[in-house]
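Taking it in order: structure first as structure tokens, then the write-up.
The values are calculated or read from the model by the stated rules, or taken from the named source; none is laboratory data. Note that the structure is a prediction, hence the values are computed from the model and not measured. Glycine also receives a Cβ, built like all others from the backbone with ideal geometry; neighbour counts cover every protein chain displayed. Just so you know, the surface numbers come from the protein's heavy atoms only, side chains and all, with ligands and any DNA or RNA stripped out. Shrake-Rupley method; radii C 1.70, N 1.55, O 1.52, S 1.80 Å.
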Amino acid sequence: MSLLTALMSAALWQAPATAPDLSWLAGYWLDCSGGREASETWSDPRLGLVVGHTVTVRNGRSGFESAHIGPAPDGGLAYFARPDGAAATPFRLIESGPQRAVFANPANDFPHRILYQRAGDVLTARIEGADDDETRSVEWTFNKAELNARCPN
């Protein structure tokens, strides 16, 4: 890697000057509701970059999503979702506060919004939007857990 390439790569991950504190998202989170086991793992912020992944098990099948929150190409922060390894879809941060973040991409098919909110050791994640002109949402209620904890059988 050339010095110029290294400097350009480092510049891509430089935190915006007004980046919100997303440290409350860090940790391992587990949702055992609705007959599913969903776990999310989020890193602590590093220069404006937060990296996460989700594993969901239901009815003998598993799925995953990798994601990161980082600088958007045109400024600000965005959530970059990669369900089942697909190409990244960006959702711009449109609202943040203490232990709350809302990301939006109205041009995406579904979802249009991704919301995270924490209260103590409970992390709520919600996706919402219109799918085939029908408004719908899906919500997860995660509890803070030890790394790689599993739901009881």
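Some values worked out for this structure:
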read-out: Unmet requirement for Glu95, which otherwise passes all of (1) touching a residue at least 12 places away in the same chain (Cβ under 8 Å); (2) surrounded by fewer than 16 Cβ atoms within 10 Å (Cβ to Cβ); value: (1)
read-out: Qualifying residues in the range 38-55 (those that are in a loop (DSSP other than H, G, I, E, B) and of a type outside the set (Asp, Glu)) - the one least open to solvent (accessible area, probe 1.4 Å); value: Gly48
read-out: Odd one out for Leu93 among (1) of a type outside the set (Phe, Trp, Tyr); (2) assigned to a strand (DSSP E or B); (3) under 23 Å from Ser33 (Cα atoms); value: (3)
read-out: Per-region count, the range 56-88, residues open to solvent by less than 60 Å² (accessible area, probe 1.4 Å), part of a strand (DSSP E or B) and not polar (S, T, N, Q); value: 13
